[in-house]
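Data first, discussion second: the structure below is written as structure tokens.
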Amino acid sequence: PITARPIGPVERLWHWCRRYPVAAALFAAVSIGSAAGFVYLTNLSSYFVRETALDSARMEADMMERTNEYYSDVLTRIDTRAISITHEYAMKRDALPLPATFTIDSAQRISQGDSGLQFRLYSQFPFRANGGPKDDFQREALAILTNRSRHPPLPKQLEYHRFVTIDGRPSLKYARGQLLKESCVKCHNTHQQSPKKNWKENELVGVLLITRPLDRDV
């Protein structure tokens, strides 16, 4: 007796396509179109998540900068004979932090939340011993933004970013250059503990770094 060879699903599909070519073509078109549409929507979703994260990081950086400007204005009305302005304010009585110190400590306080959102202000010439760049991205951002700041005209937002994965979470690292204002030059050049004393207006004095997880946005 002759035993018929079993027909596999691939052969069965091939025979069906030969028997019903129009239906097969329609089926293939729908399948390919659905796959292409799925890929397109996936890419579109990823694009919107990243653009939304960038917009949010820019607004958060604006908020930190406006707060720093307001605090700097308040310090101009302080009698420094009665209250000292120093980065070591936490160890002294009747003392307030420098504007950059205020931003650094505010960023640390905000970063203690459960959202995973992290802020950090760092510099190549920090007052504090741990105030410099701490990883490859921070060093890269500092170098790139310093170079860009030396070639006017400067963009409206001196920024650099990269999308990365941190501990399995998709994240955005957003860095914005901080240029030295005219009102701050004198303090930086005359302060006893300043690591650099030849600052000029519009030099890059530091970088505001925002690390933003994207898993909630996704």
- Query: Sorted by accessible area (1.4 Å probe), largest first, how do His161, His87 line up?
  - Reply: His161, His87
- Item | Hz values of 3J(HN,Hα) by residue in the stretch 111-123 - Karplus curve (6.51, -1.76, 1.60), Gly and Pro given as x | 6, 7, x, 8, 6, x, 5, 10, 10, 7, 10, 9, 8
- Item | Label point distance in nm, Val22-Arg93, each placed 7 Å from Cα along Cα→Cβ | 9.7
- Item | J(HN,Hα) series, the stretch 187-201, from Karplus relation 6.51 cos²θ - 1.76 cosθ + 1.60, nearest Hz, glycine and proline x | 4, 5, 8, 10, 5, 4, 9, 5, x, 9, 10, 10, 5, 10, 4
- Message: I want to check the label-to-label distance for Met59 and Lys186. Put each point 7 Å from Cα in the C-beta direction and report it in nm to one decimal.
- Response: 3.8
- How many percent of the accessible area of the stretch 116-189 is carbon or sulfur, using a 1.4 Å probe? 52
- Task: List the residues whose amide H sits under 5 Å from the amide H of Val205, counting only those 5 or more places along or on another chain, with H placed 1.01 Å from N in the peptide plane.
- Result: Gln178, Leu179, Leu180
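The values are calculated or read from the model by the stated rules, or taken from the named source; none is laboratory data. Computed from a predicted model, the values in this text were never measured in an experiment. As a convention, Cβ positions derive from the backbone with ideal geometry for all residues, glycine included, and neighbour counts pool all protein chains shown. Remember, those area values only see protein heavy atoms, side chains included, never the ligands or the DNA or RNA. Shrake-Rupley method; radii C 1.70, N 1.55, O 1.52, S 1.80 Å.
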